Every structure is written in C-alpha cells, then in structure tokens.
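Engineer: Input: one structure, supplied below.
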Amino acid sequence: MAGERVGAVTFKGRPLTVLGSPVKVGDKAPDFTVIDGDLVERHLRDFAGKVKLIASVPSLDTGICDAETRRWNEEAANLGDEVVILTISADLPFAQKRWCGAAGVDRVITLSDHRDMSFALAYGTYVKELRLEQRAVFIVDKEDVIRYVEYVPEIAQHPNYEAALAALQEVLKG
C-alpha cells in the first residue's frame, strides 16, 4: 500500500506499520472526515479561522491517552478563543463522549476516526496492525498551514507538551 511505513512506530518496543504519508511543517493541512459525539460529521473546515492543536491518540481508555487529553484540556483554559484543541482517536463516538463526561474534559473536542480512518490516512497516523492512531501532535494555523508536527515514535510515550505549546504560542504571536 502507498504510504506504508514499516517500523515507523513501536508499541512497547515492537515495530509496527503506519499507513498514510506523514505531513510536514509548511504543508497545507489535509482535510478529513471524522464523527463528533453527536454523530455529526466534522471536517477541518469546521474549525476555520482558529489555530488548531490536533492530538491523535490510540485510545482515550488507556493511561497515557487519558493523561494527555486531560493535560490538553487544562492547557486549553489558558489559550483563549482563537485556539481549538481536537483529540482524534479510533474510539467510537459514544465511548469518547462517555470518557469526556467521566474525566471532566470539557474544553477539548474529541472526534472519532473509527468509521473511515480518514484523518489517520491523511496525516499518516494509521497503525495498521492495531487499527488505531499513532500518537502525534499537529499545530495548524488559521490559514490551515501546518506549523508543528510531532510523531511520537513509541505508542507508550507522551508527546513533548512543552515543544507543542511553545510552537502554538509562536503561531499565536503571528
């Protein structure tokens, strides 16, 4: 398959294959189709005019994904209205909605890629063997240009929060 990258990510040291072409800083952010908690299709254009921090995670029902999404939710309180934080996983929309309610996550928008893996294929985060997202963080500016990319090489690792937040602040400064 085109864009198949064997060993591009590991899970507890075991190499896995990632599908889709990775995006780079300076690329136009690819569009995608995902589902929100109300089963409504959402696309990149739905967040037009906002700076977007997009975090892809394997599953909200795991410790690191849970902690990461809670951290982005805390950070969102300090970022203002011109920033939107999206967390995308292959979890079902019902599970995402339940998790957000239980975790008190109310500032991050969770979106499900379960149906088509559209985001995963467009951004190069589709872990073939697990049918999950690779952990990654993308900062997309108001013009939908990618300004920061981190593909976390080990699924069981946190992203570099400080680097992503510093990049986000740079984008906000203009």
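Engineer: Would you please put 42-48, 156-162 in order of how densely packed they are, using the mean number of other Cβ atoms within 10 angstrom per residue and starting with the highest?
Structural biologist: My ranking of the peptides, most packed first, is 42-48, 156-162.
Engineer: Turning to a different aspect of this structure: Count of lysine pairs in segment 1-97 with Cα atoms under 23 Å apart, counting only pairs 8 or more residues apart in sequence or on different chains?
Structural biologist: 6
Engineer: Pop out the Kirkwood hydrodynamic radius of segment 126-174 from its pairwise C-alpha distances, inverse of mean 1/r, in Å to one decimal.
Structural biologist: Values: mean 1/r = 0.0837 Å⁻¹.
Kirkwood radius, segment 126-174: 11.9 Å.
Engineer: Using a cut-off of 15 Å between alpha-carbon atoms, which aspartates and glutamates can reach residue 142, once sequence neighbours fewer than 8 places away in the same chain are excluded?
Structural biologist: 27, 31, 46, 81, 82, 170
Engineer: Next question. Obtain the radius of gyration and the Kirkwood radius of the chain from its C-alpha atoms and give Rg over Rh. Write out the running numbers ahead of the final one.
Structural biologist: Numbers: Rg = 14.7 Å, Rh = 15.8 Å.
Ratio value, two decimals: 0.93.
Engineer: 222 nm [θ] for the chain, helices only, -39500 (n - 2.57) per DSSP H run of 4+, per residue, to 500?
Structural biologist: On the way: 4 runs with 44 residues, N = 174.
Result for the chain, helices only: -7500 deg cm²/dmol.
Engineer: Hey, another quick one. Ordered by packing density, taken as the mean number of other Cβ atoms within 10 Å over each peptide's residues, highest first, how do 65-73, 88-96, 131-139 rank?
Structural biologist: Going by the mean number of other Cβ atoms within 10 Å, highest first, we get 131-139, 88-96, 65-73.
Engineer: For segment 5-173, what proportion of DSSP beta bridges, expressed in % and rounded to the nearest 5, is antiparallel?
Structural biologist: 65
Engineer: In what sequence, highest mean first, do 24-37, 140-153 appear when ranked by Cβ atoms within 10 angstrom?
Structural biologist: The peptides rank, most packed first, as 140-153, 24-37.
No value in this document is a laboratory result; all are computed from the given coordinates. The shown structure was predicted, so the numbers you read here are calculated from the model rather than taken from an experiment. Neighbour counts run over all protein chains shown; Cβ positions are idealised from the backbone, glycine included.
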